[in-house]
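Below is one structure, written out as structure tokens, with a few remarks after it.
The values are calculated or read from the model by the stated rules, or taken from the named source; none is laboratory data. Bear in mind that the values here come from a model prediction, so they are computed numbers and not experimental data. Heads up, the Cβs are rebuilt from the backbone with ideal geometry, glycines too, and the neighbour counts pull from every protein chain shown. Remember, those area values only see protein heavy atoms, side chains included, never the ligands or the DNA or RNA. Shrake-Rupley method; radii C 1.70, N 1.55, O 1.52, S 1.80 Å.
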Amino acid sequence: MNRLLLVILCLFSIIALSKAQNNISKLEKRLKTEKGKDKYETLYKLSKLYLTISPKKSIDYGNQAYDMAKKLKKQSMQANALNLIGTAYYKQKKYKSAIKYYEKELAIRKKLRQRVSKAKTLYNIGSVYEANNKEKKAFTAYKQALKAAKAIKYPGLVYKNYESIIRIYASQKNYKEAFTYLQEYNNYKGKAKGSYTKRKIDILETKYEEGKKELEEKESELNLIDSTLSIVQDEKEILEDEKEILEDEKETLKDDTIRKSLKISNLSTETKEQKLTIAEQEEEVRTQRQWLIAFASFFMVILIFSILLYKLYKAKKKANKILALQNAEIIEKNEEILIQSEQLLQRNRKIENQKKELEEQSEELEKHWNIALKSKAVILDSINYAKKIQKAVFPSTEYINEVLDDYFLLFKPRDIVSGDFYWIKKIENSIIIATADCTGHGVPGAFMSMLGTSFLNEIVRPRNMENTGEVLNLLRHKVKNSLGQKGRKNEAKDGMDMALYSINTETLELHYSGAHNPLYIIRENSEEELTILKADRQPIGIHIIEKEFTNHKYQLQKGDCLYTFSDGYTDQFGGEQGRKYKVKSFQEVLLANYKKPMSEQKEILNTNYEKWIGNKHNQIDDILVLGMKV
């Protein structure tokens, strides 16, 4: 008889292993061509399949799935991958590593408010601590999981946590606490499902009243029955976990739906992929249900043989009493299996309803997507038209070429329109140049830049070419009046930073004034030093302490190189460590290349910027650098 059982067990193991290996081969072939979310799904399935076959490979694929989820910026996917990695370490009895990954998963579940997954993760943490004989920490985790499971009305998880807490109290021989929790467990579970629990309560009452010795004999009898049915229970819990994964994905999809209003361009594609994933999982559930029926039949046969063997083993001692107890418990187990089967059918119905809801959501999202596309097109048309207007306000290339001989202009708006602007004008024998950085960028910055350009055209006249500080004073007055800035509390501090200088083309005398933005002058000599005309530390706009702008005078020579710029270049994050470029690095580039033609200097600055920002970083501000040679 033992040989027959062994042959049947081996046959089922071979069939299951063969199916798993076939699925693994198909998934590993698909992995070579897949990208993005599809690749993550395949890595996740491989990690899951390897859990029982090879935990080490499961960890490897789990880590790859986690890295892919980080690239996709999907925190729910990251949490699912961390769960598999923690489970694989648990199977290897590497408890510290298992706790580490479960706690990382728990942090994400809390952040995403995934209450079901959070409760399950707390239960997993308690199981690891219990296996590692850290009963105090196990108690803490189980009790938190019990509270969370009750809050979300998750009966299956409530039962597991009660049973775990009772089991630890019983192992500590603290029968009073064990009995108390069994009463809570029985009250929660209800009379319909409480017959088996009532039997355990009776046993614990006997232990508590009659003594430890008789209790241990009765528990050993129950443990034998539990061990014969544990495999069936494990299979059902696996199927239940599969169903709960679908519920977690539904909750994740709801959370994503709220955030996807800002990323509407990806919603339609992701929803279709979600539908395909649910269809695949439903197929897996149907297959697992067929396997469950087969395994249930197989384990029922094992149960019958186990009962016969147990009867022979205990024939000389309390045979009639033990047989009666076993028969009663077998009936109770069968009733529980029938109840669990009914619960499984109910969950299948829920999944069907969820599928219909997802299809309806998909249709609704497609409608929103079409509306968003139309709105986006209208907005982009308006901004592009604003760009044409802004370009028309700026000095034309032809005009600049007439005024300046050797110069370069590096102008890189962050968005379509820019908050940085440049202004160049020749009046009689003076050339006046301004480079400015307005508050903000994009459309708000563009409005400010047009105000600045308009005001400069009104202010600058031949009479004040030799006092650039007076120009900035008048400009500040106009900006404050136009924005209604009175220095009131909580008032907007909009304004602009600017470098303004005037060059007399006959005497080469320079007048400069600045609001935060300095003027760099490099003269070719043996020392090759960079001269900085410093700006006043106040903007053109409302300020706490306002003072007259300083008018700097400087005698230029032919061949001198002048540079003014906004802070977009020097504040850009980049490089391997993601640091700011900084002013010192910018000065070093200018000193190293000032002897080269201005057009070549522009290319060097632009290439240096593109290399610094690379593929890992985005442009954070508008960029403006203007260089000219006297």
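A few remarks follow.
- Among residues of segment 590-622, those that are over 26 Å from S449 (Cβ atoms) and in a helix (DSSP H, G or I), counted: 7
- Total residues in segment 394-410, condition open to solvent by less than 60 Å² (accessible area, probe 1.4 Å) and in contact (Cβ under 8 Å) with a residue 24 or more places away in the chain: 10
- Residue among N370, N384, N401 that is in a helix (DSSP H, G or I) and modelled with pLDDT of 85 or more: N401
- So L17, is it at pLDDT below 80, open to solvent by 30 Å² or more (accessible area, probe 1.4 Å), aliphatic (A, V, I, L, M) and in a helix (DSSP H, G or I): yes
- Contact annotation: residue pairs with Cβ atoms under 8 Å, 6 or more positions apart or on different chains, pairing a residue in segment 140-162 that is closer than 9 Å to A119 by Cα with a partner that is of a type in the set (S, T, N, Q), are A145/N161; L146/N161; A149/N161.
- Hey, Y90 hydroxyl-bearing (S, T, Y) and open to solvent by 40 Å² or more (accessible area, probe 1.4 Å) or not: yes
- Pairs with Cβ under 6 Å, 6+ apart, first in segment 481-501 and within 20 Å of Y512 (Cα to Cα), second polar (S, T, N, Q) and surrounded by fewer than 12 Cβ atoms within 10 Å (Cβ to Cβ): none
- Neighbours by Cβ (under 7 Å, 6+ apart or cross-chain): first from segment 41-69, in contact (Cβ under 8 Å) with a residue 40 or more places away in the chain; second of a type in the set (G, A, S): Y44/A65; Y44/A81; S47/S58; S47/G62; S47/A65; L51/S58; L51/A88
- The residue that is modelled with the lowest pLDDT, counting only those in segment 453-466 that are assigned to a helix (DSSP H, G or I) and either open to solvent by 20 Å² or more (accessible area, probe 1.4 Å) or in contact with a Ser or Thr (Cβ under 7 Å, 6 or more places away or on another chain) (or both), is R463.
- Which numbered condition S97 misses (of (1) under 21 Å from L27 (Cα atoms); (2) open to solvent by less than 50 Å² (accessible area, probe 1.4 Å)): (1)
- In segment 467-485, the residue that is modelled with the lowest pLDDT out of those that are under 17 Å from H552 (Cβ atoms) and open to solvent by 30 Å² or more (accessible area, probe 1.4 Å) is N467.
- Odd one out for I532 among (1) of a type outside the set (F, W, Y); (2) loosely packed, with under 15 Cβ neighbours inside 10 Å; (3) more than 18 Å from S566 (Cβ to Cβ): (3)
- Conditions (1) on the phi < 0 side of the Ramachandran plot; (2) at pLDDT below 95: number failed by G614: (1)
- For segment 53-68, the count of residues that are within 16 Å of the chain's Cα centre (by Cα), open to solvent by less than 40 Å² (accessible area, probe 1.4 Å), under 20 Å from A149 (Cβ atoms) and among the hydrophobic types (A, V, I, L, M, F, W, C) is zero.
- Residue match in segment 592-604 (condition: open to solvent by 50 Å² or more (accessible area, probe 1.4 Å) and under 38 Å from the mean Cα position of the chain (by Cα)): yes
- Test: residue in segment 573-585 that is touching a residue at least 60 places away in the same chain (Cβ under 8 Å) and more than 23 Å from A436 (Cβ to Cβ): no
- Applying the set (1) within 28 Å of H441 (Cβ to Cβ); (2) touching a strand residue (DSSP E or B) at 6+ places or on another chain (Cβ under 8 Å); (3) polar (S, T, N, Q); (4) open to solvent by 30 Å² or more (accessible area, probe 1.4 Å) to Q538 leaves exactly one unmet item: (4).
- Pairs linking a residue in segment 85-102 that is closer than 13 Å to N133 by Cα to a residue that is part of a helix (DSSP H, G or I), with Cβ atoms under 8 Å and 6 or more positions apart or on different chains, are K93/A131; Y95/Y89; Y95/V128; Y95/Y129; Y95/A131.
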